[in-house]
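The next block holds one structure in the form of C-alpha cells; read it before the comments.
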Amino acid sequence: MSRNKVKANDYLSVKGRTMLLISRIFVYTILAALTFLCLFFFYLLFVNSTRSHGELFGGFTLMPSTHALENLKNAWTDDSTNIPRGMLNSFVIAFSSALLTTYFSALTAFGIHCYDFKLKKAAFTFILVVMMIPSQISAVGFVKLCNTLNLTNNYLPLILPSIAAPVVFFFMKQYMESILPLEIVEAARVDGASEFYTFNRIVIPIMGPAIAVQMIFSFVASWNNFFIPGMIIDKPNLKTVPIMISDLRSADYAKFDMGQLYMLILLSILPVIVVYLLLSKFIIRGVSEGSVKG
Amino acid sequence: MQNKEKKVKKKKGGISYAKWGYIFILPFFITYFIWSFLPQVLTFVYSFFKVYTEGLNEVAPEFIGFGNYADLFTKTIGDSKTPTILLYAGNTMIMWILGAVPQFLIALLLAVWFTNLRLNIKGQGFFKTVIYMPNLIMASAFSMLIWTVFNPTGPVHMILENANLVSKEYDLFFSVTWARGLVAGINFLMWFGNTTIVLMAGIMGIDNSLFEAALIDGANSRKVFFKITLPLLMPILTYAVITSLIGGINMYDVPYILSKGNGTPNNTTTTLIMFIQRLLGPSKDYGSAGAASVLVFIFSAILSLIVFKFFISKDGMKDHTKKGGKRK
C-alpha cells in the first residue's frame, strides 16, 4: 500500500480515540474468530492424522499424538486406495496442464498484443465472451466426444483442453500490456531473430512472474478437479486423488482405520498447502492482480 | 499503442507480420473448437434426441424435438408436485445464497477494514494468508474432512454432544438444515477470503484523494462507505457476485461428497449439476442430460443478467460499469 498516510489520529479528541480503540477491539475479535474458523478444521485434521484408531474413538483432543508414521505407512500401502499412484497421476495431469496452459495462453496473448491482423479484435472479443461459460454445462457433449474418440480412461481430455484457457489468457494479456514494450520485439527483429525465437527467448523470460503465478493456479485447479475426471476415468490405476477421496466416501467407513483416513485426506491436500506456505505472498498478489479486470 | 504498431511496421518496409498473429492464436482456437465449442454443440444437439441403450450398446438416437425438455418439466420424485429439476434448482440456489450472503458481507467488511487508514490493522499479511488458504484446498477433500468430523463418531460431533446440542446417535447429515448449512458453510469458508482480496484490490484502485477530501469534509466512516467506497466498487462487486453466482449454479463437489452423491436427506442437497451427472453417469441418458444442461445455461444467463441490471440500475454508476471496471 503506497498511500500517503493521513495522520488522522493526531486530530482526534479523547472521545474519538476511545471510539477508535473500541472499533479496533471489535475488528480484531472478528478477525480472530475468522482465523480460528479457517484453521480449526485443518488443525484438527493434522492432529487426528497423528492419532491411532483407538485414540480417535477415545475422545477429542487438540494435542498431537505419536502415531503419524504408522498412519502414514498404512495409508501409503493401503490396497483399496492406492494414494501414491493417485498422487502421481494427479501430478502428471496437473503439471502438464499447468505447462500447456501458461505457454499457450502467453502465446495467444502475444499474438493478439503484438500483431496487427484483420480478425484481431474479433478474436479478442470472442475470448472475452466465452470466458464466463462454465465447462460443466457442456459435460454431456464432452463425455460423448471422449466416448466417440475412444478417449475415456485417457489423460488427453484432461490435459489438452488447458491450451485454451480464456481466464489465463486474459491475465497474460494484461500483464503484457503493462510490461512488454513493442520496441523489444522490433529490436529482436532487427537483430534477425525469428518470431518464434523472439517469443521463446525474449517474451517468455519477461513474462516469468505472470507465468509462475498462473502455473500455480492452474496446477491447483487441475489437482483439485473432480467433476470431469470423475466422468471419464474409472480404471483403478488411472484414478486421480479427488476420485479416490470420493471412493473413500462411498466405502463402508465402519471398517476404516480412522487414523489412516485422516492421513489420506491430509496427503491429498498436503502438496497444495506446502506450496501455499512457501509462496503465499506471491499467490495472494496474483489473486489481487487478476481481479482488477479491465 | 495502435500508432506505435503502425510505425514499427512501416520501418520494416512493408513486410507484414499479420500471419504470425494468426499462427500464434491458432492453437488456442483449435483447442477451444474441439474441447469446448464442439461439446457445447453436441450437448445442444443431444437435448433434442432420445438415446436408447441395449445392454452396453447405444442404439441410433431418435429425434424427439422438445420431448426431453417437456419430460424434465413433468417428471417428479416422491410426493412432490414440483418438477424434479425445479426442486434441484431450488436446492442449488438456497445453498448458494446461504453461503454467498455471509461471504459478501464479511468480505466487504474485511476489505473496508483492511484498507481503512484510521483503523490501521496490523498483521494484514498473516490474516490474508489465513483467510485465502481454504480457497486452494481441494473441495472434495475439504468436504470429506467436514463429513469425517461431523458424522456421529467424529470429533466435532463429540464436542456438540458434550455441549448438549445434539444427541449421540443424531446424524447431522440427515437433517435438512444441517446438511444444507454445512454445504453453505464450506462454500463460505472456501470463498470469503478470495472475495476479500478481490474487493480490497477494488478499493485500493479508488482515487485516494476522494477519501482524503471526505475526511477533511468531516464525513464519518459510514458515509464514506455508502457515498464513495460502495458506488465506486460496484463494477468489481458486480463482477464478483456474477462469478460467484455462476460458480454456485455449478455447485457439485461439496454436496456430492457430503451426501455420497445421493443428495441426502431426501434429495434436499441435490444440485443441478449432480442431477446432470446422474442422468449422464449411471443412466447414460444423454438426451435428458443435454436438455438439463441447456436449461442450466439459460438459467445462469438470465440470473447473471438480473444481477447485472440490479447492480447497475442504481443511478450515477453507469459510467463505471462498462466492462467491469476499467480503472487500474
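General observations
- If you go through segment A:127-154 and keep only what is more than 19 Å from the chain's Cα centre (by Cα) and of a type in the set (Ser, Thr, Tyr), you end up with A:SER138, A:THR148, A:THR152.
- The single residue among B:ILE186, B:ILE146, B:ILE137 that is more than 24 Å from A:SER23 (Cβ to Cβ), β-branched (Val, Ile, Thr), surrounded by 20 or more Cβ atoms within 10 Å (Cβ to Cβ) and more than 9 Å from chain A (Cβ to nearest Cβ) turns out to be B:ILE186.
Residues are listed down the side, and each one gets a yes or a no for (1) touching a Pro at 6+ places or on another chain (Cβ under 9 Å); (2) without any contact (Cβ under 8 Å) to a residue 40 or more places away in the chain; (3) crowded, with 22+ Cβ neighbours inside 10 Å; (4) among the hydroxyl-bearing types (Ser, Thr, Tyr):
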| position | (1), (2), (3), (4) |
| --- | --- |
| A:LYS239 | yes, no, yes, no |
| A:ASP257 | no, no, no, no |
| A:LEU264 | no, no, yes, no |
| A:LEU278 | no, yes, no, no |
| A:SER288 | no, yes, no, yes |
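- Being in contact (Cβ under 8 Å) with a residue 24 or more places away in the chain, out of contact with any strand residue (DSSP E or B) (no Cβ under 8 Å at 6 or more places or on another chain) and not in a helix (DSSP H, G or I) holds for only one residue in A:ASP234, A:ASP247, and it is A:ASP234.
- The number of residues in segment B:194-229 being outside any helix (DSSP H, G or I) and more than 7 Å from every other protein chain (Cβ to nearest Cβ) comes to 6.
- Tabulated pairs, segment A:110-123, first facing another protein chain (nearest Cβ under 8 Å) and farther than 14 Å from A:PHE170 by Cα, second crowded, with 19+ Cβ neighbours inside 10 Å and of a type in the set (Val, Ile, Thr), C-beta under 8 angstrom, 6+ apart or interchain: A:CYS114/A:VAL185; A:LYS120/A:ILE112
- Out of B:THR82, B:THR76, one residue alone is under 26 Å from the mean Cα position of the chain (by Cα), part of a loop (DSSP other than H, G, I, E, B) and either surrounded by fewer than 16 Cβ atoms within 10 Å (Cβ to Cβ) or within 12 Å of chain A (Cβ to nearest Cβ) (or both). It is B:THR82.
- Candidate set: segment A:17-71, residues that are touching a residue at least 24 places away in the same chain (Cβ under 8 Å), assigned to a helix (DSSP H, G or I) and in contact with a helix residue (DSSP H, G or I) (Cβ under 6 Å, 6 or more places away or on another chain); chosen: the one surrounded by the fewest Cβ atoms within 10 Å (Cβ to Cβ): A:HIS53
So that you can scan it fast, the table gives a plain yes or no per residue for (1) out of contact with any helix residue (DSSP H, G or I) (no Cβ under 7 Å at 6 or more places or on another chain); (2) under 30 Å from B:THR148 (Cα atoms); (3) within 9 Å of chain B (Cβ to nearest Cβ):
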{"site": "A:GLY192", "(1), (2), (3)": "yes, no, no"}
{"site": "A:PHE199", "(1), (2), (3)": "no, no, yes"}
{"site": "A:GLY208", "(1), (2), (3)": "yes, no, no"}
{"site": "A:GLY230", "(1), (2), (3)": "no, yes, yes"}
{"site": "A:SER246", "(1), (2), (3)": "no, yes, yes"}
{"site": "A:SER250", "(1), (2), (3)": "yes, yes, yes"}
{"site": "A:MET258", "(1), (2), (3)": "no, yes, yes"}
{"site": "A:LEU270", "(1), (2), (3)": "yes, yes, no"}
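- When segment B:121-132 is limited to residues that are part of a helix (DSSP H, G or I) and out of contact with any helix residue (DSSP H, G or I) (no Cβ under 6 Å at 6 or more places or on another chain), the one that is farthest from B:TYR256 (Cα to Cα) turns out to be B:GLY125.
Readers should treat all values here as calculations from the given coordinates under stated rules, not as data from a laboratory. What you see is a predicted model, and the numbers here were worked out from it, not measured in a lab. Because the Cβ atoms are built from the backbone with ideal geometry, glycine has one as well, and the counts that use them run over all protein chains shown.
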